[in-house]
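Below you'll find the structure, written out as structure tokens, and then a few comments.
Just so it is clear, none of the values below were taken in a lab; they were calculated from the coordinates. Please read these numbers as outputs of a predicted model, since none were measured by experiment. All Cβ positions, even for glycine, are placed from backbone atoms using ideal geometry, and neighbour counts span all protein chains on display.
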Amino acid sequence: MAGKVLILMGSKADAEVMGEAARVLSGFGIPYTLTVASAHRSPARTRKIVSQAEGEGVSVIIAGAGAAAHLAGAVAAETLLPVIGVPLAGSPLFGFDSLLSTVQMPAGIPVATMAIGKTGAQNAAYLAAQILALSSPDLREKIRERRRLMAEEVAASAEEVR
């Protein structure tokens, strides 16, 4: 396998949504670690986890947080590993605030930003898999197969609605 993925979330309340990323990674056989690390409530813990990630074989980091959602940006500032941000709908603004704070990073500290919520968490895992597949032909084939199955599902749906 090409590496593993670190999934960070701002609080345990985010586990249901961020678990979607874990589910996708598991489906591809990609090892991952899922944990809570808050950019604001536990900055030293977050910094420590991120600083140790590369040495532990992590190749991509997925970070999901709601409200101010600075987790992905704080993580990206501490590592050269690719960081994928997942904005979460944890505030009265339904995730729009999270989306803006995740996507508006300064030049030189990029965060790939996904959609708000479960679809974003799933796509973060798919993107992480594609990044890892750059150095893993076996994983690349698994992704191709998943895409083929998705196309078959669409064709089957088309037949059902005829």
How large is ³J(HN,Hα), in whole Hz, for each residue of region 19-28 in order, when computed from phi with the Karplus curve 6.51 cos²θ - 1.76 cosθ + 1.60 and θ = phi - 60°, using x for Gly and Pro? x, 5, 5, 4, 4, 5, 4, 4, x, 9
Per 10 Å bin, what percent of the C-alpha pairs of the chain does each bin hold, from zero upward? 12, 40, 32, 14, 3, 0
Among the aspartates and glutamates, which fall within straight-line cross-link reach of LYS142, defined as a Cα-Cα distance under 19 Å, with same-chain neighbours fewer than 8 residues apart omitted? GLU20, GLU152, GLU153
Give me the aspartates and glutamates in straight-line cross-link reach of LYS4: C-alpha distance below 13 Å, same-chain residues under 8 apart excluded. GLU54, GLU56
If the chain between ALA158 and ARG45 were fully extended at 0.36 nm per residue, the gain over the current Cα-Cα distance would be 35.8 nm
Under the Karplus relation with 6.51, -1.76 and 1.60 and θ = phi - 60°, whole-Hz ³J(HN,Hα) for region 2-16, x at Gly and Pro, equal 6, x, 10, 10, 9, 10, 10, 9, x, 7, 5, 5, 8, 4, 4
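Taking K and R as +1 and D and E as -1, what net charge do the other residues with C-beta under 14 Å from the C-beta of ALA133 add up to?
Working: positive: LYS4, ARG140, LYS142, ARG144, ARG146, ARG147; negative: ASP138, GLU141, GLU145.
Once positives and negatives cancel, what remains is +3.
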Could you name the lysines in cross-link range of LYS118, using Cα to Cα under 16 Å and dropping any fewer than eight places away on the same chain? LYS12
Okay, helix-only estimate at 222 nm for the chain: each DSSP H run of n ≥ 4 adds -39500 (n - 2.57), divide by all residues, round to 500 deg cm²/dmol; what do you get? -15500 deg cm²/dmol
Amide H partners (placed H, <5 Å) of ALA63, local residues excluded: LEU8, ILE84, GLY85, VAL86
Highest-fluctuation residue, LEU80, LEU149, LEU71 considered, GNM on the chain with Cα pairs under 10 Å: LEU149
